[in-house]
Amino acid sequence: MMTQQALEKYLWGAATLLRGLIDAGDYKQYIFPLLFYKRICDVYDEEYQNALKESGGDLKFAEFAENHRFQIPKGAHWKHTRENTKNVGVAIEKAMRQIEKANPDTLFGIFGDAQWTNKDRLSDETLINLMEHFSSETLSIKNVPNDELGQGYEFLIKKFADDSGHTAAEFYTNRTVVHLMTLIMDPKPGESIYDPTCGSGGMLLSCVNKLKDDGKEYRSLKLYGQELNLMTSAIARMNMFLHGIEDFKIVRGDTLKHPAFLEKDKLKQFNIILANPPYSIKSWNRAEFEKDPYGRNIYGTPPQGTADYAFQQHIIKSLDEKNGRCAILWPHGVLFRDAEAEMRKKMIAADVVEAVIGLGPNLFYNSPMEACILVCNKGKKKDRREKIIFINAVNDVRRESAFSYLTDDHVAKIHKAFVGFKDIDGFAKVIPAPSILANNGNLNIALYVSNVQQKNGNGDVHLKDMVLAWQKGSESLRNVMAGLFKALEKNS
């Protein structure tokens with residue numbers, strides 16, 4: 001059985017064979033499909049040998065479909081593809097398509113759309129080297145159990161994210177933040193979990209891992225995800241299978257344009273939604289959303305310049321009416337931008353917002369901006385109704401080797417504050433919803449709880465007072481400028 005360290009070295013060794021040949025952001029298109037291909041073939045062989053033992057050497061019995069999780073057609077097995085020395089990419093692609101066709105309900109399209117036959121990208125020699133590298137270890141369940149391979153896969157996802165810079169955001173969210181969001185959601189056995197922009201599926205798997213860690217029945221969770229990018233959605237599906245998860249549905253598609261999960265022509269509703277939507281999308285169909293057939297514009301139609309509240313409203317509309325809850329990772333702009341004020345006020349008035357949690361900088365990949373978690377709940381407990389807790393954890397972040405993350409202590413501190421739902425000096429504040437609405441629905445955390453103080457001649461002045469003064473000054477400046485422009489128009 002491989003150690004975790006040996007597994008990670010083996011997996012990353014495949015990626016190093018591509019250095020200098022293709023961009024780091026494209027490694028995943030080739031490495032993940034080959035890894036998955038090798039895994040399912042090795043597991044098929046393992047199942048075949050187990051069936052042989054069980055049947056006393058009956059070859060026909062060992063080939064029965066019932067004895068195998070996935071079917072590997074004749075000639076499509078890894079060992080056959082490995083025999084090719086010319087047009088290797090053609091052989092790989094042919095085998096992968098045959099396997100997809102033989103498993104239409106589970107593996108259709110799972111190998112993505114990599115350019116295997118483009119020798120200008122990857123020569124026969126490079127592909128042979130990749131296959132030989134993967135062939136150096138047996139990826140059977142006995143040698144590499146699902147949990148270990150799943151961890152190795154997650155390691156590889158993070159390494160690709162670290163290596164590829166700005167391309168990482170589309171398929172990877174900081175795992176320490178995901179862990180915090182999962183704790184806040186507190187998934188229960190049998191619940192449905194949904195991620196409308198699921199990337200590589202890490203948020204869905206985080207819920208599985210929490211139940212595993214708690215010793216609870218994780219296989220009863222129902223997992224759903226939608227992802228726009230074809231290769232990324234394929235990676236998410238592979239991620240599930242390699243973790244040993246089978247009860248899931250991940251669909252490729254545009255969540256705003258064509259939501260994948262419907263029941264009786266209405267949006268399917270879920271117990272938990274976790275997401276890190278793409279922020280401030282400008283190229284989206286605002287006119288279509290204005291007359292949305294699924295009624296997702298419950299609070300209004302967002303401006304063309306940012307689709308954030310289109311995603312937010314899709315999420316709230318997709319929550320179970322009794323206990324639906326969500327934790328969504330956003331940049332802070334969603335909390336206070338003027339263009340979204342009316343929608344924000346309606347969301348607060350509907351009493352679905354439960355918590356606003358401010359996180360530190362650099363927790364978005366390749367971006368220094370600060371993140372926040374917007375927690376909504378359609379089944380608020382009685383003592384939390386018409387109240388919102390603001391948690392200012394902007395200083396609770398650690399940065400090492402150019403990467404930022406939350407320590408276990410940070411996560412525990414923030415989670416404890418959320419669960420306690422009480423004021424904590426300089427860290428958390430419970431504010432009545434009417435007070436926030438009176439402040440034009442502004443959810444800017446610094447207005448309600450500050451962990452920074454500035455001295456002046458009269459004593460301590462909290463940051464929230466400075467922010468309020470800044471906002472008032474900005475409003476005054478806007479009014480002055482508007483007056484000047486009007487005067488100029490009259491005189492022109």
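The values are calculated or read from the model by the stated rules, or taken from the named source; none is laboratory data. The model shown is predicted, which means the values in this text are computed figures rather than measured ones. So basically every Cβ, Gly included, is an ideal-geometry build from the backbone, and we count neighbours across all protein chains shown.
For the range 63-78, residues that are in a loop (DSSP other than H, G, I, E, B) and surrounded by fewer than 16 Cβ atoms within 10 Å (Cβ to Cβ) total 5. Taking each residue of the range 253-274 that is at negative phi and looking for partners that are outside any loop (DSSP other than H, G, I, E, B) and of a type in the set (S, T, N, Q) with beta-carbon atoms closer than 6 Å, six or more apart or interchain, yields THR255/GLN226; ALA260/GLN226; PHE270/SER192; ASN271/SER192.
So which of SER200, SER220, SER233 is small (Gly, Ala, Ser), farther than 16 Å from PHE108 by Cα and crowded, with 21+ Cβ neighbours inside 10 Å?
SER200
Within the option set LEU52, LEU130, being out of contact with any Ser or Thr (no Cβ under 9 Å at 6 or more places or on another chain), surrounded by 12 or more Cβ atoms within 10 Å (Cβ to Cβ), outside the structural domain of PHE241 (by TED's automatic domain parsing) and closer than 23 Å to ASN239 by Cα holds for one residue only, LEU130. If you take the residues in the range 12-59 that are acidic (Asp, Glu) and in a helix (DSSP H, G or I), which one is farthest from ASN118 (Cα to Cα)? Per the criteria, the residue is GLU54. Kindly indicate which of ARG344, ARG286, ARG337, ARG325 is of a type in the set (D, E, K, R), in contact (Cβ under 8 Å) with a residue 60 or more places away in the chain and farther than 26 Å from SER192 by Cα. After ruling out the rest, the residue left standing is ARG344. Output yes when any residue across the range 255-268 is crowded, with 23+ Cβ neighbours inside 10 Å, of a type in the set (D, E, K, R) and not in a strand (DSSP E or B), and no when none is. No, the conditions are met nowhere in the range 255-268.
For the residues ASP409, ASP423, ASP383, the requirement of being within 25 Å of the chain's Cα centre (by Cα), at pLDDT 95 or above and not small (Gly, Ala, Ser) singles out ASP409.
Per-residue answers, yes or no, for (1) more than 30 Å from PRO361 (Cβ to Cβ); (2) part of a loop (DSSP other than H, G, I, E, B):
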residue	(1), (2)
SER280	no, yes
PRO302	no, yes
ALA310	no, no
GLN313	no, no
LYS322	yes, yes
ALA327	no, no
TRP330	no, no
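A single member of HIS258, HIS243 is more than 28 Å from ASN209 (Cβ to Cβ) and outside the structural domain of PHE70 (by TED's automatic domain parsing), and it is HIS258. Given the condition surrounded by fewer than 19 Cβ atoms within 10 Å (Cβ to Cβ), more than 14 Å from VAL177 (Cα to Cα) and at pLDDT below 95, answer yes or no: does some residue in the range 358-366 qualify? Yes. Scanning the range 90-136 for residues that are in contact with a helix residue (DSSP H, G or I) (Cβ under 9 Å, 6 or more places away or on another chain), of a type in the set (D, E, K, R) and outside any helix (DSSP H, G or I) returns ASP113, LYS119, ARG121. Against the test of being in contact with a Cys (Cβ under 8 Å, 6 or more places away or on another chain) and assigned to a helix (DSSP H, G or I), the options ALA161, ALA236 yield a single qualifying residue, ALA236. Remark: GLY300 matches the filter, which requires a residue to be touching a residue at least 40 places away in the same chain (Cβ under 8 Å) and over 21 Å from LYS380 (Cβ atoms).
Which residues, counting only those in the range 119-159, are β-branched (Val, Ile, Thr) and within 14 Å of ILE92 (Cα to Cα)? Break it down stepwise before answering.
Applying the first criterion (β-branched (Val, Ile, Thr)) to the range 119-159 yields 126, 128, 138, 141, 144, 157.
If the condition is that a residue be β-branched (Val, Ile, Thr) and within 14 Å of ILE92 (Cα to Cα), then THR126, ILE128 are the ones that fit.
Do we find a residue being surrounded by fewer than 21 Cβ atoms within 10 Å (Cβ to Cβ) and under 17 Å from LEU242 (Cα atoms) anywhere in the range 79-98? No - not one qualifying residue is present in the range 79-98.
Would it be correct to say that GLU246 is within 30 Å of ARG69 (Cβ to Cβ) and surrounded by fewer than 18 Cβ atoms within 10 Å (Cβ to Cβ)? Yes, satisfied.
Any chance the range 412-422 includes a residue that's surrounded by 14 or more Cβ atoms within 10 Å (Cβ to Cβ) and assigned to a loop (DSSP other than H, G, I, E, B)? So far as the range 412-422 goes, yes, one or more of its residues are surrounded by 14 or more Cβ atoms within 10 Å (Cβ to Cβ) and assigned to a loop (DSSP other than H, G, I, E, B).
Results for (1) in a loop (DSSP other than H, G, I, E, B); (2) of a type in the set (A, V, I, L, M, F, W, C); (3) in the same structural domain as LYS317 (by TED's automatic domain parsing), shown as yes or no for each residue.
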| residue | (1), (2), (3) |
| --- | --- |
| ALA371 | no, yes, yes |
| VAL375 | no, yes, yes |
| GLY379 | yes, no, yes |
| VAL394 | yes, yes, yes |
| ARG399 | no, no, yes |
| SER404 | no, no, yes |
